[in-house]
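Presented below is the structure to which this report refers.
The values are calculated or read from the model by the stated rules, or taken from the named source; none is laboratory data. The shown structure was predicted, so the numbers you read here are calculated from the model rather than taken from an experiment. As a convention, Cβ positions derive from the backbone with ideal geometry for all residues, glycine included, and neighbour counts pool all protein chains shown. Remember, those area values only see protein heavy atoms, side chains included, never the ligands or the DNA or RNA. Shrake-Rupley method; radii C 1.70, N 1.55, O 1.52, S 1.80 Å.
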Amino acid sequence: MATTSRTLALWVACVAQLLVVLDISVVNVALPSIQADLAMGPTQTTWVALAYGLGFAGALLVGARLADVLGTGRVLSWGLGAFTLAGTVGGLATDGSVLVGARAVQGLCAAVVSPATFTLLTTTNPEGPARTRAVAAWTAVSLAGGGVGNILSGALTELVSWRAVLLVNLPIGLAVLAGAAVLRRRFPDAPGHGRLDLVGAVLATGGFTCATYALSAAGGHASAAWAGAAALAGVVLFVLLAAQQRRTAHRLVPRGLLRNRLVVRGNVATALTAACFQVGLWYFLTYRMQGPMGFSPMRAGLGFLPLTSALLVVNTWITPRLMARVPSRTLVALGAVSAAAGLAWQAFAVGDAYVLAVLGPSLVVGVGGGLLTTPLATMVTTGVPAEDAGAASGLMNTAKQFGGALGLAAATAATALAGTDGAAFLLMGALVGTVALLAFRLPSPRERRASGAPVYD
């Protein structure tokens, strides 16, 4: 593939992924304005954020498999088009139920778009420095999206309207769709591989949606009474899914992926990392700045700039160069230790001024996150056959989403028990610190090749 086409593929993948990640957090600061404008109750307002997360996490495995079956370009274009349309409907909504429904549809579309963006990168860049740089850009966007979402939400809500928070998807989405159309004309999708197991798709989506709802309830973001029923339903659906997948020839997750120790252990480390970086870190910093520190929405959004900048700079420009000289698992361990140290600093800086309670520890956390995420993402997709690239991407994204949901639930519970957000940061630091220990259980692809063992087995 020509360099210009790879550059276009990188731009399409990263901007589409930014849209998906932005919409996880972009409504957070705007929720009070939404509640007042649409006369919504507190519970219904919570669903504006929750509906997106449920659809996103619930359908990831299925959405990823669609790229293998139907073709990455086709699935990315269809999913992004529907995502943009749903965001526009939400931004124009005059009724709370319409807004919640639009957010749920956006979440389902995000579950299709996000794995397809990563698959686009791994199939257009061969293993090596080119893929490392592409993955570094994608992970930087994924990491920084939470901070960018809060910054954008605060600015648009305060200067324009909460509607602009959702309507901003329209011009950006149309631009990315145009780029994706150019790519599809230059490089038509290869023939699909296998077919989608519809029974497994329904069971998986239902199971993951129920599990996500139960975790959200544990974090205080949904009804505890319904949470027990959701958890029980999730267990039943997962049991049925496991039995059904043993009998089908078209598994949602190919058997080879689950036999690959690098993929399995790497995804465990990914889930633990996401327990901090996916949602929890942004959530608790938002409340720290707008609560005890008394920051306005815009000022709180700008307060994320040091963390966002550190993540972007280290992940995009420093880590890819280090990966050419330092083993990936060493970088993962160093990054995890740095992130854990920054979170511990944040935990014990409760009540201090911005410089000590947010700025300093954010820079340390940002350096750590920037060091560890790209090596992890590269490791869990290295050596995977092209026909299973979508499934591998979906598995990684599912680990991220559920790690984030579990981390937020656990950190919220810790805060409630201790009466201070310091407990949340300390718990997230412990989870990320565990990744440092796990890192040395991750065999590097280079070492596996040198020993004669297949990277994908």
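Against the definition (small (Gly, Ala, Ser) and at pLDDT 85 or above), how does GLY303 come out, yes or no? It would help to see each step written out before you state the result.
Working: small (Gly, Ala, Ser): yes; at pLDDT 85 or above: yes.
Yes.
Please verify whether THR374 is assigned to a helix (DSSP H, G or I) and not aliphatic (A, V, I, L, M), treating the condition exactly as stated. Steps first, answer last, please.
Numbers: assigned to a helix (DSSP H, G or I): yes; not aliphatic (A, V, I, L, M): yes.
Yes: the conditions hold for THR374.
What are the pairs, 6+ residues apart or on separate chains, where a residue within region 59-83 that is touching a residue at least 40 places away in the same chain (Cβ under 8 Å) and under 27 Å from LEU241 (Cα atoms) has its Cβ under 9 Å from a residue that is part of a helix (DSSP H, G or I) and acidic (Asp, Glu)?
Going by the 9 Å Cβ cut-off, the qualifying pairs are ASP68/GLU387; ASP68/ASP388.
Enumerate the helices (runs of 4 or more DSSP H) found wholly within region 178-292, keeping only those where 3 or more residues are of a type in the set (S, T, N, Q) and at pLDDT 80 or above. If you could, list the steps in order and put the result at the bottom.
Numbers: elements: 198-218, 224-247, 255-259, 261-277, 280-290.
Once the helices (runs of 4 or more DSSP H) in region 178-292 are filtered for at least 3 residues that are of a type in the set (S, T, N, Q) and at pLDDT 80 or above, what remains is 261-277.
Being more than 21 Å from ILE318 (Cα to Cα), in a helix (DSSP H, G or I) and touching a residue at least 60 places away in the same chain (Cβ under 8 Å): is that true of VAL358 here?
Working: more than 21 Å from ILE318 (Cα to Cα): yes; in a helix (DSSP H, G or I): yes; touching a residue at least 60 places away in the same chain (Cβ under 8 Å): yes.
Against the criterion (more than 21 Å from ILE318 (Cα to Cα), in a helix (DSSP H, G or I) and touching a residue at least 60 places away in the same chain (Cβ under 8 Å)), VAL358 qualifies.
When residues of region 14-57 are filtered for being in contact with a Ser or Thr (Cβ under 6 Å, 6 or more places away or on another chain), open to solvent by less than 10 Å² (accessible area, probe 1.4 Å) and outside any helix (DSSP H, G or I), how many remain?
Residues that pass the stated criteria total 2.
Under 6 Å between Cβ atoms, at least 6 apart or on separate chains: pull out the pairs that start in region 265-289 with a residue that is touching a residue at least 60 places away in the same chain (Cβ under 8 Å) and at positive phi and end on any residue that is surrounded by 24 or more Cβ atoms within 10 Å (Cβ to Cβ) and not in a helix (DSSP H, G or I).
none
Looking only at region 76-133, filter to residues that are outside any helix (DSSP H, G or I) and charged (D, E, K, R); which one of those is modelled with the lowest pLDDT?
Kept after step one, since they are outside any helix (DSSP H, G or I), are these residues of region 76-133: 93-95, 125-128.
Filter once more, keeping what is charged (D, E, K, R): 95, 127.
Numbers: ASP95: 91, GLU127: 74.
Selected residue: GLU127.
Tally up the residues in region 291-333 that are open to solvent by 40 Å² or more (accessible area, probe 1.4 Å), among the polar types (S, T, N, Q) and either touching a Gly at 6+ places or on another chain (Cβ under 9 Å) or without any contact (Cβ under 8 Å) to a residue 12 or more places away in the chain (or both), please.
Counting residues in region 291-333 that are open to solvent by 40 Å² or more (accessible area, probe 1.4 Å), among the polar types (S, T, N, Q) and either touching a Gly at 6+ places or on another chain (Cβ under 9 Å) or without any contact (Cβ under 8 Å) to a residue 12 or more places away in the chain (or both) gives 3.
Pick from VAL337, VAL350, VAL384: which is at pLDDT 85 or above and either open to solvent by 20 Å² or more (accessible area, probe 1.4 Å) or assigned to a helix (DSSP H, G or I) (or both)?
Of the residues listed, the single one that is at pLDDT 85 or above and either open to solvent by 20 Å² or more (accessible area, probe 1.4 Å) or assigned to a helix (DSSP H, G or I) (or both) is VAL337.
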